[in-house]
1. Counting other beta carbons within 10 Å of each Cβ, put 318, 69, 51, 76 in order, fewest first.
2. So how do 13-26, 117-130 stack up, highest first, on mean other-Cβ count within 10 Å?
3. Could you check the spin-label model distance between residue 323 and residue 178? Points 7 Å from the Cα along Cα→Cβ, value in nm.
4. Sorting check: for 208-216, 170-178, 441-449, which peptide has the highest mean count of neighbouring beta carbons within 10 Å, and how do the rest follow?
5. How much length would be gained if the chain were fully extended between residue 33 and residue 331, taking 0.36 nm per residue of separation minus their Cα-Cα distance, in nm to one decimal?
6. In which sequence would 207, 39, 231 go, from the one with the fewest C-beta neighbours within 10 Å to the one with the most?
7. Considering only the chain, what is the antiparallel percent among its DSSP beta bridges, to the nearest 5?
8. Given R₀ = 45 Å, FRET efficiency for residue 439-residue 42 by Cβ-Cβ distance, to 0.05?
Ligand code: GDP
Ligand code: ZN
């Protein structure tokens, strides 16, 4: 567990730049009354908005705005929290932040995610909920935002909690029997251990499936459009993007250049990269960098759509180039390669292959559904929560230990101490999701990825 940082912290909680309103937030385990007195010139009623001037050290007003005071423990962080809502200009915000820091309480600038980290350390949120705060802020589709909101409300934590409670019961039975070795023989029978283990495993696999969906909703799928010039890659990107009119924002880091775009299909974010031609023997240095980036994107992709032009299929030069691209695709460790025959209005696709015409729109819906299927997207389950790869991994380890426990239990002279150990490890793995058993290192990684002021 992290050491408890009790020192007062402050940050601008609103996004940088101009805005109608900007918020400076302070959290402190120590009494905030002296700070409030200094900046607001009076005491504040808990959880009530008070309109007043915010004063600098000389007593001059920096700005007028709303002050909100949340005494511990009824606040976001569980500590005393002060929020100052002023006009959202960069200079006003900086002045107000500086004022709060110099006002004499030894307030320091908050690190990214530090408010939420305190909320976690003070038991206001578990780790999965804290992660959902960041996932809600970073959500790239409406479905991801709604699911993050459900996780923040505890949807994932509750599913994990149900598994954990059953695991604890099972552990208690096994550990109790360990203390009475003479009864070990028929323990497994009496405790219905097999039935319990099997039920637990079945429930776990349901949670695993939903968690994988949740992680897909958060991270999306990396799709690369590959193929020779003029096969219709840009047209496909536009068609896919145009079909979804919902709000889509790229996840930071996925949009490397103008030809990458994040779109969504049924709420699943797809990060699509249009490789601008894949010929190797280009003379131009700039183009060569582009080609090399294209191959990097292909190596990093979950799915590669390899487009073919039915207007040119069969022409010797065209076929030779397709052969070269195909060989190279198989030589890099590309993601799943899906062949797509475009321009069905100009020629007949090979039987059984995915085909479309971007001119007429025929086949586009089939392609969209195929992409979702390739991603492992099932349907649009109601009440889905958001999740992270970390959660998927922790559940997989839980499942592994349960399977080992099952195998041990099946042996003729089942070693109960080994069984107990596997159940303990399963419990630990499960506990990592909500932060019951989490290394400091892991917590550091999770919270440092937050934005400042959250
Ligand atoms: P890219 O070089 O692979 O990105 O290909 P583009 O998307 O720029 O398309 C190349 C040309 O093919 C453009 O003139 C498109 O209008 C045309 N095109 C794209 N899809 C189709 C199609 O399904 N049928 C026909 N006839 N032309 C298409
Ligand atoms: Zn293009």
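1. On the way: 318 17, 69 23, 51 9, 76 20.
Ordered from fewest to most neighbouring Cβ atoms within 10 Å, 318, 69, 51, 76 come out as 51, 318, 76, 69.
2. Order by mean packing, descending: 117-130, 13-26.
3. Simple spin-label model gives 6.5 nm for this pair.
4. For the peptides 208-216, 170-178, 441-449, the packing ranking is 208-216, 170-178, 441-449.
5. Numbers: separation 298, 0.36 × 298 = 107.28 nm, distance 6.64 nm.
That pair, residue 33 and residue 331, stretches by 100.6 nm at full extension.
6. Details: 207 21, 39 24, 231 27.
Fewest-to-most ranking of 207, 39, 231: 207, 39, 231.
7. Working: 30 of 52 bridges.
Rounded to the nearest five, the antiparallel share is 60 percent.
8. Details: r = 45 Å, r/R0 = 1.00.
Using R0 = 45 Å, I get an efficiency of 0.50.
The numbers here are math on the coordinates, done by the rules we state, and not lab data. Being a predicted model, the structure only gives us computed values, none of them experimental. Using ideal geometry, Cβ is built from the backbone for each residue, glycine included, and neighbour counts are taken over all protein chains shown.
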